[in-house]
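Notes follow once the structure below has been shown.
The values are calculated or read from the model by the stated rules, or taken from the named source; none is laboratory data. Remember, it's a predicted structure, so these values are computed and weren't measured experimentally. All Cβ positions, even for glycine, are placed from backbone atoms using ideal geometry, and neighbour counts span all protein chains on display. Side chains included, ligands, DNA and RNA excluded: accessible areas come from the protein's heavy atoms. Shrake-Rupley method; radii C 1.70, N 1.55, O 1.52, S 1.80 Å.
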Amino acid sequence: MEANYEAVMTLPEPESPLAAELHYYRGRRALREGRLDEATFFMAEATAAAAHRVDYHKQYAELLFEVGEIYHANDVWKRVLELDETSTEALYHLASNCAYISLYEEAAMYANRYLEVEAHGRYADSVQSLLELIELEQELEDDEEDELITWHTEAQQHIDKGRLFAAKSTLERLIDRYPRFWPAFNNLAVVNFYLGNDDAAFETLEYVLDENPGNLHALLNTILLLHEAGQSEAALQLSVPLTRVRPLQFDLRYKLATTLALVGQYDRAYEELRLLKERGFRGDSLFGHWLSVSAYKTGRLEEAATYLNSDELKQFEEKSPYDIRDNLEFRSALVQGLRQEEDAARIEIIRIISKLADDEAFEALALTSGITDNETVLAFAEKCRAEICQAPFTGDVRIARAYDALLLAETEVSEAEQMSLDGDFYERFALLLLAGASFEDTTASAAALVWMFYAKRDALVLDDCADAFGIDVATLTETIRSFKQTLEQA
């Protein structure tokens, strides 16, 4: 999901030399007058219109550094080297810039290249000092880098398995230790979104973009989250400038292409995905899906079918045994449902969460106290939390009886039926609990829940139901009648 740095290059559009000179003049004037945003815009237009002008690119690269777009500045300096292989000035700035953003190996490479060409050049002393500083910094940071990588990998593994609370804790610890490590912020935004904290997610991304302008991962995550939040038009508008961006990293280019496809920018998405395929990049199991969708949406029907039915895609999509408990979307849906649904649905969700019976479930149920003030819902959540950690429950005894009755009823209803979309197993229990049903006789209550559940399906004979729970028919009948009256009065 994240990479440690971003490198992007604006795709040029042909324009007249006169227009390029005009853009450059306006950019220089804006720079002299301190209007840096305006200066950056005009310099970008000038270099796009006159892609061969080394002097334009040098001025643009220096300006990008001034406004904090270090990665983009480096891309422009690399373009200078492409235009003029003898430009030692570009080597110096690349070495200095890379060291500034802690890319020490890359910085040392450019510094050594400079000294090979101009051992006594204008910047030779500065480059030699830079190499000494890099060596010292690398010695100091080796241990820190190992710790950073370990924590970030751990957080990513938690996210992949839907362990959102564990991921959040790890990322917050990582950010506290490394407050300029932007990938952690980007992942924290995604985690907060999956946990239903939309405001916190967007605030985090906004902070990244304020502190690290041009952070492409943050831009893409903002677009993705806006789309997921139902703000499709805003996501589409934000994606428009990115159709002229081509990241140098293949992973980042793939993320950009799939994001553009998601919001409907199919032409650009197809172009990038096709180029990635030609260069041997396959990304993840959805690569073929997005390539086929983009091909189809751009009128390449035969090509779309070829991608979708390829043996390569089928082999790539072979999956290990599926476990819903490790599904990110499933766990996220439960937490968001707990936040957004009505109290009856919350009781259903609380029980489903509690069946996960792990630390994540325990943390999720703790959210209930900040979501609703309904005492019945809160007590049921606390009972479920107590069961997860095998602690005594000291709350309402009615809640304890209801919980025991539900567990007993679950033994006679398959898990698939309990969870079926058209089922009402947990819904009826929730309504009874909220309506004040006493569940005085735990066994009879369990039997009544099961009989009422099957009454609308394969009708269950009262005698058979009573026998299954070891009670007499009269007791079962009376409990069913009591439950029905409670539901009618609710």
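Within the set of pairs 6+ apart or on separate chains, which have a first residue in region 159-183 that is open to solvent by 20 Å² or more (accessible area, probe 1.4 Å), a second that is of a type in the set (Lys, Arg), and C-beta atoms under 9 Å apart?
Once the first residue is open to solvent by 20 Å² or more (accessible area, probe 1.4 Å) and sits in region 159-183, its partners that are of a type in the set (Lys, Arg) give Lys161/Arg325; Lys161/Arg331; Arg163/Arg331.
Listed residues Leu378, Leu338; which is in contact with a Leu (Cβ under 9 Å, 6 or more places away or on another chain) and surrounded by 15 or more Cβ atoms within 10 Å (Cβ to Cβ)?
The match here is Leu338.
Taking Glu82 as the residue in question, decide whether it is farther than 25 Å from Asp125 by Cβ and surrounded by 20 or more Cβ atoms within 10 Å (Cβ to Cβ).
Details: farther than 25 Å from Asp125 by Cβ: yes; surrounded by 20 or more Cβ atoms within 10 Å (Cβ to Cβ): no.
Considered against the rule, which asks whether it is farther than 25 Å from Asp125 by Cβ and surrounded by 20 or more Cβ atoms within 10 Å (Cβ to Cβ), Glu82 comes out as no.
Residues that are farther than 26 Å from Ile159 by Cα: which helices (runs of 4 or more DSSP H) entirely in region 326-408 hold 2 or more of them?
Ranges flagged: 343-354, 375-388.
Output the residues belonging to region 381-394 that are in contact (Cβ under 8 Å) with a residue 24 or more places away in the chain and surrounded by 10 or more Cβ atoms within 10 Å (Cβ to Cβ).
Across region 381-394, the qualifying residues are Ala381, Cys384, Arg385, Glu387, Ile388.
Go through region 103-125 and give me each residue that's open to solvent by 60 Å² or more (accessible area, probe 1.4 Å) and under 41 Å from the mean Cα position of the chain (by Cα).
Hits for region 103-125 are Glu105, Met109, Asn112, Arg113.
Taking Gly68 as meeting all but one of (1) open to solvent by 50 Å² or more (accessible area, probe 1.4 Å); (2) not in a helix (DSSP H, G or I), write down the number of the exception.
(1)
From the list Arg274, Arg268, which one is assigned to a helix (DSSP H, G or I) and in contact with a Leu (Cβ under 6 Å, 6 or more places away or on another chain)?
When all the criteria are applied, what remains is Arg268.
Among the residues of region 188-227, count how many are open to solvent by 10 Å² or more (accessible area, probe 1.4 Å) and in a loop (DSSP other than H, G, I, E, B).
5
So, in region 309-349, how many residues would count as being at pLDDT 70 or above and among the basic types (Lys, Arg)?
Within region 309-349, residues that are at pLDDT 70 or above and among the basic types (Lys, Arg) number 4.
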